[in-house]
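Structure first, then comments.
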Amino acid sequence: MDIEVRHLKLIATVAQEGSLSKAGQALHLTQSALSHQLRDIEDRLDVALFLRSNKKMILTPAGEKLLQSATTVMRELESVNRQINQIARGESGTIRLSTQCYTCYHWLPEILRKYQKEFPHVDVKIIVEATHHPIKALQEGKLDIAIVHSQKNDGLIRKPLFKDELKVIVSPKHRWAKRKYIELKELEDEPLYLYNVPEKDSHLFQEVLIPAGVYPKNISHIQLTEAIIEFVKAGLGVGIMATWAAKPHVDNGSLVAVRLGKSGVVRQWSAAVLPNGTMPRYIESFINEIVSFSKPAKQHAFSRNEKRKNNNLFF
């Protein structure tokens, strides 16, 4: 048997209206055409679907069963059609996101609260396993947005978001606490608490320490910011982290943040995406929310009318 969607719609309409004449009006068919199509369906199934009684159409047990299936199928089709239309309008989809640093996720809840009011049908997924290699994951199609501070010439499109500075955090009783900055070489003999990131993936090592010929001898790798802070407060060593990560403790005087090198170590964070032409509106808007969170929105709003070159959106 070959039952089509139009057949299911016909059965549901006849059952709802209770007569061929009313169902024909609802389907914009003549009563004769509708009756012919209904007989055709029953012939295909080799079973009666309706009993005709005083011009009323009453479902048979077989008709009841088919109506149940018809209702489920049509409801699912309506849902799929609605979702596809939302995707086409840039209102629905999934954003797979990762950052180059675990601690960068602190801003996400506030952004999501505002974003999901405008885009309730967009699912934002944090791909934590891509944290150490977000660029690679993005290039392999496993991410939609990578929040990164690396600025390599890798063919990706980047939207500048914000800058932060890495500083040495020390106890107020530490000998460096009164210093404006420390020389990188001074880190070599100091107990140092760092995040648990491999050296080859560490911005601190690859962009700062190794180029300066500095190789600290006493490093403890710890995953949690809170744990690093507690070790430093106890005077057991020093740590290195972004200023915003230690800000509450610096503000209350339990820690001191000291510049790393005379010029400091500043990182430019960006939202990186693949150069695939026009991006969905929900991704574009999500990036704008991050920009608005970190900087005045009116200065950095991302416009759909920004110049395009070689079919790519340039940030």
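Brief remarks on what is shown
- Boolean, Pro172 is surrounded by 14 or more Cβ atoms within 10 Å (Cβ to Cβ), out of contact with any helix residue (DSSP H, G or I) (no Cβ under 8 Å at 6 or more places or on another chain) and modelled with pLDDT of 95 or more: no
- Only a single item in (1) modelled with pLDDT of 85 or more; (2) outside any loop (DSSP other than H, G, I, E, B); (3) more than 16 Å from Ile283 (Cβ to Cβ) is not met by Val80, and it is number (1).
- Summed over region 190-234, the residues that are aliphatic (A, V, I, L, M) and within 20 Å of His106 (Cβ to Cβ) give a count of 9.
- Selection of region 239-258 for residues being closer than 28 Å to Glu129 by Cα and touching a residue at least 24 places away in the same chain (Cβ under 8 Å) yields Gly239, Ile240, Met241, Ala242, Thr243, Trp244, Ala245, Ala246.
- Of all residues in region 15-41, those satisfying the criterion of being touching a Gly at 6+ places or on another chain (Cβ under 9 Å) and under 19 Å from Thr71 (Cβ atoms) are Ala15, Glu17.
The values are calculated or read from the model by the stated rules, or taken from the named source; none is laboratory data. Source: prediction; values computed, not measured. Because the Cβ atoms are built from the backbone with ideal geometry, glycine has one as well, and the counts that use them run over all protein chains shown.
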